[in-house]
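Everything on this sheet refers to the single structure shown next.
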Amino acid sequence: MTIQTHKRTCSLCEATCGIAVQHENGRILSIKGDKDDPFSKGYICPKATALQDLHEDPDRLRQPMIRRGDDWQEVSWDEALDFTARELMRIRDQYGRDAVASYLGNPNVHNYGNMLFGPMLLKAIGSKNKFSATSVDQLPHHMASLQMLGHQLLQPVADIDRTDFLIIMGGNPLASNGSMMTVPDFRGRIKAIQARGGRVLVIDPRVTETAKVADEHWFIRPGQDIQLLLAVLHVWVHELSAQLPALPDYVTPTDLSAICAGMTPEHAAERTGISAEAIRRLAGDWLSAKSASGYGRMGLSVQQYGGLCQWLIMLLNIVSGNFDREGGLMLSHPAVDLPAILAARGSRGNFNRYQSRVRGLPEFGGELPVSVLGEEILTPGEGQV
Ligand code: SF4
């Protein structure tokens, strides 16, 4: 009997923690955090330990199943793949390409095989009814990046290991481990900010897990974040312009002034429930911090002004001089630079090249919003899923 240790990555969420799996002839003895992982440094959450339960669950499907009548029968992979290919072609030939819809959930982007081959399969099927978890929570990020940075996948992230002031709006990274910014051990990283004299402010209608460990939590009325963001900009432009760092070429003071015209802290206070005095304090602290990082997540995205909120968060990081610099909101340099590769092929992102059949909602980045999937299945007519 040999005891072996395999170093792997936990695939359960985008924090991608390193794990060390010790096993003896296939029987798992332990799953621990991999201290040598440069990213997670030994941190794991309880879900990683529970991977053993998933692996050993007697109810876990270990082979493909096909329903025949009321029965489910185990079949070989060959049979399952032949059946799937045959049926896909039959449905496509009989009802057209759009009759086949796909929905990709999060685990697909944690699996290199699916990332490599999933898009090819979908391209071969050729249906415009492509859906994914992206349209549930993060399209506003991609829209803002497409509009401001020229590529939908250029996603700046908060440099939380070096920032002096972290402002979190509508996000709960302690529970999500930093969705869109991938931060294993968020609790430890917040403590590190505080230990080096920095501060964390959470602005959220709910007392989230993150709010409980932050230095301050401000309640904000749901859906009013845009008022606060515009008011901060208003204070900078009209009250603290002398303290603003030099603006980059692509930002003009006249534009800034026009964007936040009339959006005073008093106006925002009435709508957000945050006092004008607190808004002025936030604007001042954001500017005077050695480095600051504004991070807005789902709470900002899934509301009426989601796209504008993400656009404004990016703008505030730019205007305060914190964009793409240490401690601010930074662009990453991945080993595989997907945006650069795609841009070289002329692919930067798209919006509204076609629309959904029933409600006419626009596509983004080659997929339709999943909010239309139900009606596309239920509404008869040509192109029905
Ligand atoms: S935070 Fe938990 S679930 Fe997410 S990758 Fe790390 S161990 Fe896995």
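The numbers here are math on the coordinates, done by the rules we state, and not lab data. Everything quoted here is computed from the prediction, not taken from an experiment. All Cβ positions, even for glycine, are placed from backbone atoms using ideal geometry, and neighbour counts span all protein chains on display.
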| task | Between residue 379 and residue 157, with labels modelled 7 Å along Cα→Cβ, what's the label distance in nm to one decimal, could you check? | result | 3.9
| In nm, what is the difference between 0.36 nm times the number of residues separating residue 254 and residue 8 and their Cα-Cα distance? | 83.4 nm
| Looking only at segment 262-278, which residues have a backbone nitrogen under 20 Å from a spot 7 Å from the Cα of residue 241 in the C-beta direction? | 262-267
| request: Order the peptides 104-116, 302-314 from the highest to the lowest mean number of other Cβ atoms within 10 Å of their residues. | output: 302-314, 104-116
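What does the highest-first list of 131-141, 192-202 look like by mean Cβ count within 10 Å?
In decreasing order of mean packing, 131-141, 192-202 become 131-141, 192-202.
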| note | Placing one equal point scatterer on each C-alpha of segment 1-128 and summing with Debye, one gets log10 I(q)/I(0) at q = 0.09, 0.17 Å⁻¹ equal to -0.42, -1.05
| request: With a point put 7 Å past each Cα toward its Cβ, work out how far residue 358 is from residue 195 in nm, to one decimal. | output: 5.3
| field | Ranking of 163, 208 by count of other Cβ atoms within 10 Å, fewest first | value | 208, 163
| field | Proxy reagent accessibility, fewest Cβ within 10 Å first, across 90, 348 | value | 90, 348
| message | If you take every DSSP beta bridge fully contained in the chain, what fraction is antiparallel? Give it as a percent rounded to 5. | response | 55
| query | Which ordering of 345, 86, 281 is given by a fewest-first count of other beta-carbon atoms within 10 Å? | reply | 345, 86, 281
| query | Helix 276-288 versus the longest principal axis of the chain: what is the Cα-based angle in degrees, 0 to 90, to the nearest 10? | reply | 80
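Determine, for each peptide in 42-50, 350-358, the mean count of other beta carbons within 10 angstrom over its residues, then list the peptides with the highest first.
Details: 42-50: 16.8, 350-358: 14.3.
With the highest mean Cβ count within 10 Å placed first, the list reads 42-50, 350-358.
Any chance you could run the full-extension gain for residue 147 through residue 57? It's 0.36 nm times the residue separation minus the Cα-Cα distance, nm to one decimal. It would help to have the intermediate numbers written out before the result.
On the way: separation 90, 0.36 × 90 = 32.40 nm, distance 4.61 nm.
Net length gain for the segment: 27.8 nm.
Can you give the Kirkwood hydrodynamic radius for segment 90-200, in Å, rounded to one decimal and based on Cα pairs?
Computed over Cα pairs of segment 90-200, the Kirkwood hydrodynamic radius comes out at 16.9 Å.
Which value in deg cm²/dmol, rounded to the nearest 500, describes the helix-derived mean residue ellipticity at 222 nm for the chain, given -39,500 (n - 2.57) per DSSP H run of n ≥ 4 and division by the residue count? Before the final figure, lay out the partial values.
On the way: 17 runs with 150 residues, N = 385.
Computed mean residue ellipticity for the chain: -11000 deg cm²/dmol.
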| query | Expressed in nm to one decimal, what extension gain is obtained for the pair residue 30 and residue 89 from 0.36 nm per residue of sequence separation less their Cα-Cα distance? | reply | 16.8 nm
| request: Using the 2.2 N^0.38 Å rule of thumb for compact globular proteins, work out how the chain stacks up: its C-alpha Rg over that value, please. | output: 1.14
| query | Any idea what % of Cα-Cα pairs in segment 78-154 are farther than 18 Å? | reply | 56
| field | Point-to-point label distance, residue 266-residue 137, nm (Cα→Cβ direction, 7 Å offset) | value | 4.0
| What's the center-to-center distance, using Cα atoms, between segment 265-280 and segment 206-235 in Å? | 11
